[in-house]
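Inspection log for the structure reproduced underneath, given as structure tokens.
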Amino acid sequence: MEDFEVIRIDLEKCSGCGICVSACPFGSIEMVENHPLIKEDCRLCGSCVSACPLGLISLVESSKKGDVEQYKGVAVFAEQRGGVIHPVAYELLGKGKELSKQLNEPLYAVLLGCGIKEAAGELAIRGADKVYVYDDPMLREIREDPYADVLSKFVKEEKPSIFLIGATAIGRSLGPKLAAKLRTGLTADCTGLEIDPETKLLKQTRPAFGGNVMATIICPDSRPQMATVRYKVMKEAEKNSDSKGEIIEKKMDYKGISDRVKILDFQPAKETVSIVDADIVISGGKGLGEAKGFRLLEELANIMDGAVGASRPTVDEGWIDYTHQVGLSGKTVRPKLYIACGISGAVQHLAGMKTSDYIIAINKDKEAPIFKVATLGIVGDCYEVLPILQKKIMEYKKNGKLR
Amino acid sequence: MSEGLNIIVCIKQVPATTEVEIDPETGTLKREGIESVINPFDEYAIEESIRLKEKYGGIVKVVTMGPPMAEQALRDAIAMGCDQAILITDRVFAGADTWATSLTLARCIDKLKPYDIVLCGLKTTDGDTGQTGPELAEHLGIPHICYVNRILGIDNGVMRVTRALDDGVETLESNLPLLLTVTKEINHPRLATLKGRLLAKRAEIKKFTLKEIGGDPKEYGLSGSFTRVIKVFTPSPPVSGEVMEVDPEIAAQKIFEKLVEIKVI
């Protein structure tokens, strides 16, 4: 299939300089008989296009062209369980408001469930211009089949140009099904969203290769532009009782709604200290030296009403349970304060906590990368610093917050 | 069903490490000497497919889409115990996003009918999206269940599984055919035996190109993709604050003052 090309190179004019070979971030170009050959693993990033000194390389345009002009507005899927909205929905509204303002288009929330009228009001207070509600016993639990079918109908009727879903377990299962149904692109687990001022396209940024690389992705020719968005990265929309959001009850139409997977049982996870919801997270790393170090952190967390986090190596060592793990392979946290104790700060860990409001790092190694993200960095030994700190906090609390 | 299960397992060949770095001078990914392996998450799907075969009888077909070198991943899967392997490979399929990838896989799997179960890993270590599985199910017109951490059993064409969500564990049931994505909790993947390796060496790898898959080339690869990567970069280090090397008493005082300042105590 040599006649089918995705990258076009004008080989007649090619000087065989090889600059494109070294420009390719994926090593997907090789020189064959003094001319570049694009290999199958090409990711179409376009690096070679701009690198060619003679301007001989071009991307062949995508053949997908939809009726993109008809689509307006930013829609947010409001995940709920038992009538309680998942906070990621408020974060999506926060980001969605920003995007909708830039586009000068409305912000929608779409809520599916059973007995969820109250929850709908909550979404209006958080800035949604319109809250679309599908209230039906069939939608009581989140199940991909009926949810994707109902959301697909919603999109076809209301035609939002952007559709955001929280990258929760459910969101990352539901999102792809919906995108495949709607024949549109979906970007997974985004940590950055912005509108390109010129093209008005949604620029979606996400980590790849375990967070070692970031990629910005667009969905130029199909609608809606869909993204799942990582929890605890965007800022929640503030409550505003003056918000005049309209609540629209949508009629449930059972035609074409599939319902193939039954839920037989749900066992809620044991109530552990949720590092995701805590305002203060005190985390430990290998620098603690042993499992016992976490006791020191627990004591401090107790007096500060915080939760204990951990880096992956400590979990791998079995010093602490996986539920405490912060980072790409664990949880993303965005507390008001993050205290990193003996954590060197691998990229994967930083990806899970660097958006915390304040970061205090204590580490013996002054070269530790954690200091690059710290608001306050202490080069020192946790075992020496933390007990003194703990005493100071206790005294402060005892003396009625007088210094 | 009477003659056992027809199981299809989808895998991907990925770089053996995610520790890729971008050369700050050239802005390109450094990837010297990085070997390719089966996506670690897919090994759990392969293992589970073999366990299902061992329990219920049947046949496991392993499918991948990729460049010709991806054949090695298929041979490794046969060495573990898969029975047949199909390599979907054609320049037309290059540059596919998850939508186009899942469409291509679906067109191939349609040709392998009848099947009872399609198994996928949770996600890949390179792309890290976890989208191809559920998108594939939608293209195939079958239901899917993500994050399966235990298969409870199959009875009369109905499968029961548990899956791990953020806030708890669900027990679900569905008629077959069904697509599952499985987590690392589900099993411990076996190592290939010597006999398996010898078998794998000689195994025939079926190749599916556009001709076998069918359809318009525009549906596949880049031109069939809705998303486009416009920029690849190393995450920029956030601005750092004050770093001090002082004795513990002063350090604790500094931290304490900060806590008061930001009103967390």
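The values are calculated or read from the model by the stated rules, or taken from the named source; none is laboratory data. Nothing here was measured: the structure is a model prediction, and the numbers come from that model. Every residue, glycine as well, gets a Cβ built from its backbone with ideal geometry; the counts of neighbours run over all protein chains shown. Heads up: the accessible areas ignore ligands, DNA and RNA and are worked out on the full protein's heavy atoms, side chains in. Shrake-Rupley method; radii C 1.70, N 1.55, O 1.52, S 1.80 Å.
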- Helix B:40-56 sits at what angle to the longest principal axis of chain B, using alpha carbons and giving 0 to 90 degrees rounded to 10? 40 degrees
- Classify the stretch A:67-249 as rounded, prolate or oblate from the Cα gyration tensor: take a ≥ b ≥ c as the square roots of its eigenvalues, call it rounded if a/c is under 1.5, otherwise prolate when a/b beats b/c and oblate if not. rounded
- Quick one: among A:Lys72, A:Lys239, A:Lys97, which has the greatest mean-square fluctuation in a GNM of chain A with alpha-carbon springs under 10 angstrom? A:Lys239
- Counting only protein heavy atoms with a 1.4 Å probe and every protein chain in place, the carbon and sulfur fraction of the accessible surface of the stretch A:280-398 in whole percent equals 49 percent
- Whole-percent carbon and sulfur share, accessible surface of the stretch A:70-228, 1.4 Å: 48 percent
- Across the residues of A:178-187, average count of Cβ atoms on other protein chains within 10 Å? 6
- Probe 1.4 Å, accessible area per residue of chain B, Å²: 43 Å²
- Note on the structure: Rounded to the nearest Å, the spacing of the alpha-carbon centers of the stretch A:186-226 and the stretch A:308-333 is 28 Å
- Query: Karplus couplings for the stretch A:67-73 from phi (6.51 cos²θ - 1.76 cosθ + 1.60, θ = phi - 60°), rounded to Hz, Gly and Pro as x?
  - Reply: 8, 5, 5, 6, 8, 9, x
- Run the accessible area of the stretch A:4-61 with a 1.4 Å probe and give the carbon-and-sulfur part as a rounded percent. 52 percent
- Message: Roughly how large is the A-B contact in terms of buried accessible area, totalled over both chains, probe 1.4 Å, nearest 100 Å²?
- Response: 8800 Å²
- Note on the structure: Checked chain A with the C-alpha gyration tensor, a ≥ b ≥ c its square-rooted eigenvalues, rounded below a/c of 1.5, otherwise prolate if a/b is larger than b/c and oblate if not; verdict oblate
- Gaussian network model of chain B, Cα within-10 Å springs - most flexible of B:Phe226, B:Phe41, B:Phe208: B:Phe226
- Item | Ordering of B:104-116, A:321-333, A:166-178 by burial proxy (mean other Cβ atoms within 10 Å per residue, highest first) | A:166-178, A:321-333, B:104-116
- Message: From the helices alone, meaning DSSP H stretches of at least four residues, give me the mean residue ellipticity at 222 nm for chain A, per-run term -39500 (n - 2.57), in deg cm²/dmol to the nearest 500.
- Response: -7500 deg cm²/dmol
- Mean separation of Cα contacts under 8 Å (at least 6 apart) over the residue count of chain A, i.e. the relative contact order in percent, is 12 percent
- Set the Förster distance to 45 Å, then compute FRET efficiency between B:Lys184 and A:Cys14 from the Cβ-Cβ distance, nearest 0.05. 0.45
- Per-residue mean of other chain beta-carbon atoms within 10 angstrom of the beta-carbon, peptide B:169-182? 3
- Give a quick list of chymotrypsin sites (Phe, Trp or Tyr not before Pro) in the stretch A:182-256 that DSSP marks as loop, anything other than H, G, I, E or B, with at most 12 other Cβ atoms within 10 Å. A:Tyr254
- What GluC sites (Glu not before Pro) does the stretch A:259-312 have in DSSP loop regions with at most 12 other beta carbons within 10 Å? A:Glu271, A:Glu290
- Task: Mind scanning A:Lys262/B:Lys53; A:Lys101/A:Lys130; A:Lys153/A:Lys203; B:Lys12/B:Lys184; A:Lys95/A:Lys200 and naming the pairs with a C-alpha gap bigger than 18 Å?
- Result: A:Lys262/B:Lys53; A:Lys153/A:Lys203
- When you count, for each residue, the other Cβ atoms within 10 Å and take the mean per peptide, how do A:212-218, B:89-95 rank with the highest first? B:89-95, A:212-218
- Whichever lysines have a C-alpha closer than 17 Å to that of B:Lys201, once near sequence neighbours (fewer than 8 apart) are set aside: B:Lys61
- Note on the structure: Here the net charge surrounding B:Ile205, from other residues whose Cβ is less than 12 Å away from its Cβ (Lys, Arg +1; Asp, Glu -1), is +3
- Under 1.5 on a/c is rounded, so check that first for the stretch A:280-398, then, if it is not, pick prolate when a/b is larger than b/c and oblate when it is not; a ≥ b ≥ c are the square roots of the alpha carbon gyration tensor eigenvalues. rounded
- Task: Give a residue-ordered list of calculated ³J(HN,Hα) values for the stretch B:252-265 (Karplus: 6.51 cos²θ - 1.76 cosθ + 1.60, θ = phi - 60°; whole Hz; x for Gly, Pro).
- Result: 4, 4, 4, 4, 4, 4, 5, 4, 5, 4, 8, 6, 9, 10
- Please build a GNM for chain A, connecting alpha carbons under 10 Å apart, and tell me which residue among A:Leu111, A:Leu389, A:Leu37 fluctuates the most. A:Leu37
- The answer for A:Ile195, listing residues at least 5 apart or on another chain whose modeled amide H is closer than 5 Å to its amide H, is A:Lys203
- Item | For B:141-148, mean number of other protein chain Cβ atoms within 10 Å | 4
- Message: From the Cα trace of the stretch A:96-166, what convex hull volume per residue do you get, rounded to a whole Å³?
- Response: 88 Å³
- Message: Over the stretch A:4-61, with the other protein chains present, what is the accessible area per residue in square angstrom, probe 1.4 angstrom?
- Response: 52 Å²
